[in-house]
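A.B. asks: Quick one: structure below, then a few questions.
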Amino acid sequence: MHVTDGVLNISIAATTTIAAVGVLTYSLKGIKEEEIPKISLLSGAFFVASLINIPIGPTSIHPLLGGFLGLILGRRAPLAVFVGLILQALLFQHGGISTFGANFLLMSLPALLVHSFFTYVKKIPIFWKGFIGGFIAICIGVLLLITLLLLSNERYGNGAFSVIQIVLMAYFPLALLEGVLTGFAVKHLYAMRPSLFKHTSMETGGSKT
């Protein structure tokens, strides 16, 4: 999901950067000191998971953990994404400078949307919350990526084996896999330490099965 420099046109890169600042400001608002350790822990998890990169044209495929971050961190999820992306860019040159805002949105907006969805949809077993969250976070991220690519240059959608078609084929199995893994991870963590989900959409969730 890392978009490299030069892939997006200047107007899209500038717009996504401005939007990223807005999302980051929203996520920072009202943050409490007691939330920092959990954000730091999940930043490390996101950083490590996203290092598994398979390049595909102008982007790459890797685990996103969007559903996982959204369910545990809630509105603070973009902070974990921001820290992880900064470290990846500085230490491993993953992503790009001009596309940093776009990459940030591609990975943080799905987490926020998952959190918002489960704020209203509560009566779902914990495992299925994790599965649905992990699955739809990938789907939302892919749809956002496709939108940005097409807005930047229509050639990304041209041809029988276009970049967009390859991305769709590659990310669908990953979405299923991440859904399953997120489901088991969330169920286990909720059973072991439900306090991790305090102040998020999980704290009033359904049964633990």
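A.B. asks: Taking a cut-off of 15 Å between Cα atoms, list the aspartates and glutamates near LYS129, but don't count ones fewer than 8 places away on the same chain.
C.D. replies: List returned: GLU178, GLU203.
A.B. asks: While we're on this one: Could you state, as a whole-number percent, how many of the C-alpha pairs of segment 88-179 are farther apart than 19 Å? Intermediate results must be reported in sequence, preceding the final value.
C.D. replies: Details: 2136 of 4186 pairs.
Tail fraction, whole percent: 51.
A.B. asks: Among the listed pairs LYS122/LYS187; LYS32/LYS187; LYS123/LYS187, which have their C-alpha atoms separated by more than 23 angstrom in this model? Intermediate results must be reported in sequence, preceding the final value.
C.D. replies: Values: LYS122/LYS187 15 Å; LYS32/LYS187 26 Å; LYS123/LYS187 15 Å.
Flagged as over cut-off: LYS32/LYS187.
A.B. asks: If you don't mind, there's one more thing I want to ask. Can you give the FRET efficiency to the nearest 0.05 for LEU168 and ALA19, using r as the Cβ-Cβ distance and R₀ = 22 Å? Provide the component values of the computation, followed by the final result.
C.D. replies: Numbers: r = 24 Å, r/R0 = 1.08.
Using R0 = 22 Å, I get an efficiency of 0.40.
A.B. asks: I've got another one for you. Given Cα pairs under 8 Å that are at least 6 residues apart, what percent is the relative contact order of the chain? Let's see the in-between values first.
C.D. replies: Values: 340 pairs, mean separation 59.5, N = 209.
Computed value for the chain: 28 percent relative contact order.
A.B. asks: How would LYS29, LYS38, LYS187, LYS129 line up by accessible area, probe 1.4 Å, largest first?
C.D. replies: Numbers: LYS29 145, LYS38 40, LYS187 80, LYS129 0 Å².
The ordering from most to least exposed comes out as LYS29, LYS187, LYS38, LYS129.
A.B. asks: State to the nearest 20 debye the size of the charge dipole of the chain about its Cα centre, where the only charges are +1 on K and R beta carbons and -1 on D and E beta carbons.
C.D. replies: Details: 13 positive and 7 negative charges, 140 e Å.
Computed charge dipole of the chain: roughly 680 debye.
A.B. asks: With helices defined as uninterrupted DSSP H runs, which ones in the chain have an alpha carbon span along their own long axis of at least 15 Å and mean Kyte-Doolittle hydropathy of at least -0.5? Working shown, then result.
C.D. replies: Numbers: long enough: 10-28 (27 Å, 1.61); 36-49 (20 Å, 1.61); 77-92 (22 Å, 2.34); 100-120 (31 Å, 1.31); 126-152 (39 Å, 2.32); 163-192 (42 Å, 1.51).
Those that clear 15 Å and a mean of -0.5 are 10-28, 36-49, 77-92, 100-120, 126-152, 163-192.
A.B. asks: What distance in nm separates the two pseudo spin-label positions at GLU33 and GLU154, each 7 Å out from Cα along the beta-carbon direction?
C.D. replies: 5.7 nm
A.B. asks: Using just the helices of the chain, give the 222 nm mean residue ellipticity in deg cm²/dmol: DSSP H runs with n ≥ 4 each add -39,500 (n - 2.57), and the total is spread over all residues, rounded to 500. It would help to have the intermediate numbers written out before the result.
C.D. replies: Numbers: 7 runs with 135 residues, N = 209.
Rounded to the nearest 500, it is -22000 deg cm²/dmol.
The values are calculated or read from the model by the stated rules, or taken from the named source; none is laboratory data. Since the model is a prediction, treat every value here as computed from it, not as a measurement. As a convention, Cβ positions derive from the backbone with ideal geometry for all residues, glycine included, and neighbour counts pool all protein chains shown. All accessible areas refer to the heavy atoms of the entire protein, side chains included, with ligands and DNA or RNA removed. Shrake-Rupley method; radii C 1.70, N 1.55, O 1.52, S 1.80 Å.
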